[in-house]
1. Consider Trp202 carefully, then state whether it is under 23 Å from Ile134 (Cα atoms) and crowded, with 18+ Cβ neighbours inside 10 Å.
2. Any chance the stretch 236-251 includes a residue that's surrounded by fewer than 23 Cβ atoms within 10 Å (Cβ to Cβ), of a type in the set (A, V, I, L, M, F, W, C) and closer than 20 Å to Gly95 by Cα?
3. Out of curiosity, is Asp191 farther than 24 Å from Trp92 by Cα, at pLDDT 95 or above, acidic (Asp, Glu) and assigned to a loop (DSSP other than H, G, I, E, B)?
4. Just give me the residues in the stretch 260-282 being out of contact with any His (no Cβ under 6 Å at 6 or more places or on another chain) and assigned to a strand (DSSP E or B), in sequence order.
5. Applying the selection to the stretch 360-375, what residues are touching a Gly at 6+ places or on another chain (Cβ under 9 Å), polar (S, T, N, Q) and either more than 16 Å from Gly470 (Cβ to Cβ) or surrounded by fewer than 15 Cβ atoms within 10 Å (Cβ to Cβ) (or both)?
6. Condition first: modelled with pLDDT of 95 or more and surrounded by fewer than 21 Cβ atoms within 10 Å (Cβ to Cβ). Now tell me which residues in the stretch 445-455 satisfy that.
7. Out of Gly339, Gly357, Gly348, which single residue is within 28 Å of the chain's Cα centre (by Cα), surrounded by 14 or more Cβ atoms within 10 Å (Cβ to Cβ) and closer than 18 Å to Cys469 by Cβ?
8. Any residue at all in the stretch 432-441 that is of a type in the set (S, T, N, Q), under 25 Å from the mean Cα position of the chain (by Cα) and outside any loop (DSSP other than H, G, I, E, B)?
Amino acid sequence: MLRGTVLLLIGVMALGVSASAYKNPLPVESEGIGAGIADPGLLRWMGKYYLYATKVKEDPGMRCWESDDLVNWKYQGLCIGDDPVFADGHGWSPGPFYYNGKFYLYVCGIDQKHRVFESDKPTGPFVCVNKDLIDVNSLDAVPLLDDDGQLYLFYAGWEGVGIQYRKTSSPIKGDGRNQTLPACQFSADSDGNFWTEGPDLWKRNGVYYLTYCGNNWIKDSYQVRVAKGRSIADLKPQKSDKLIMQLTGEWVATGCNWSIRGPNLKSLWHVYHCRKSGGHVRRMCLDRLYFDKSGDLRCDGPTWTQQPNPEPPQCCESFLRSDIGPNWQIKSGEWKIGGEDRLVGCSGEIAWKCPVGANFVAEFNVKLQKSGGKARYGIAIDAECGRADIVVDAASKSIELRSNGSPIAKGSLPQRFDLAAWHTIIIQQHNGRMQVRFDEMNKIDARIDLGSSKFSLIADDCEAAFGWCGFSNYEKGEQSL
């Protein structure tokens, strides 16, 4: 075992990349099929990442990978076989989405239509549930669940139509009115080609950030640009809108991007593809995103030298074991490991012994298993300055922040949400401001000072399950996400 470890380290050093660093483009297991890792789509789920890539005619199906750190990817096989709904065997730009207990993939193709596939697991198998989601002139669809619970689809159009969007009533319907974002369109060359594609969205502090690509992946000038706005209709290119661009060198045509929260929960990362000049096989790249003082989205990339790996969370738990473990202390009620991947509590509270700083970001995955008449479950923060509870109220379908027992803020949840499905709560405490997101919907934004603290999990008049959880502290002066 020791000899194997030494040989592995020597091999890594010989490649010029340390074990704690990566270099673009990333080597990905089983990537050398068809188009390579073209049009990467990413999903974060239970502390892990799932990667999906374009299927071309020669591929046996659509492929899926899993990673803990965004750098090292393990091939999971085909998440969709060679489904006959793929037009001429092509399935492009898979956009993954988790919603209310189901996983979805939005896939376009050579016939200018979109299909949506559904699964119970991020690795599939996915089954087509709507082969005519958007049935004309559409490309590269990605969903957005806005803070008010409204679902949107963003997508591109063929022949220079640019970025478009519509409201939808469910993740498997494209029933809203088509609307366009004429400002989010550009020509990278002097040939008048305004083909713009590959939309992706991120929302921070009430501002929408839209990244998009152009003009054609076969051109070396293919690049990523960014727009921002206080509303979707107001999205316009930010002052310096070129986010990722590489026109010359060994690797070019950087685009078709995806933005995703990093393993430490407080960083934002940009995943995109590149190719060799004159080639067609695409490779995956990774670079960190950040926000400047004006609130513009920035990236010091593309990078082609060694970069530090994304940092892991400061502390995390996956509950992949048979007992509660030494990091937890039961305060009341009954607590046990259920199904070897979740901590289950019945009418009580359990404390997490890991200390938390005054400024932090934390993620908890929760579901309601059995409910009494007044079921409430969630997270408590026991701090130097008192106690804060962030709890889901099952009866009113809301999430509430209480400080020392007094209500501070409350956010309503979509009535169609099934609380028996897994949902993600992200709590961010930064410079006296607490933000709480439920499935990335910003539901609470309040002023509250806590100081150093510890977390507890709460199940009141119910049986609740808690999946992967983790947190990282913000360092002094560090930017919040």
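1. Yes; evaluated as a whole, the condition is true for this residue.
2. So far as the stretch 236-251 goes, no, none of its residues is surrounded by fewer than 23 Cβ atoms within 10 Å (Cβ to Cβ), of a type in the set (A, V, I, L, M, F, W, C) and closer than 20 Å to Gly95 by Cα.
3. Spelling it out, it is not the case that Asp191 is farther than 24 Å from Trp92 by Cα, at pLDDT 95 or above, acidic (Asp, Glu) and assigned to a loop (DSSP other than H, G, I, E, B).
4. Ile260, Arg261, Leu268, Trp269, His270, Val271, Tyr272, His273, Cys274, Arg275, Lys276
5. Matches in the stretch 360-375: Gln369 only.
6. Asp445, Ala446, Arg447, Lys454, listed by residue number.
7. Gly357
8. Scanning the stretch 432-441, I find at least one residue that is of a type in the set (S, T, N, Q), under 25 Å from the mean Cα position of the chain (by Cα) and outside any loop (DSSP other than H, G, I, E, B), so the answer is yes.
The values are calculated or read from the model by the stated rules, or taken from the named source; none is laboratory data. Because the structure is predicted, anything quoted here is derived from the model rather than measured. Cβ sites come from the backbone with ideal geometry, for glycine too, and all protein chains shown count toward neighbours.
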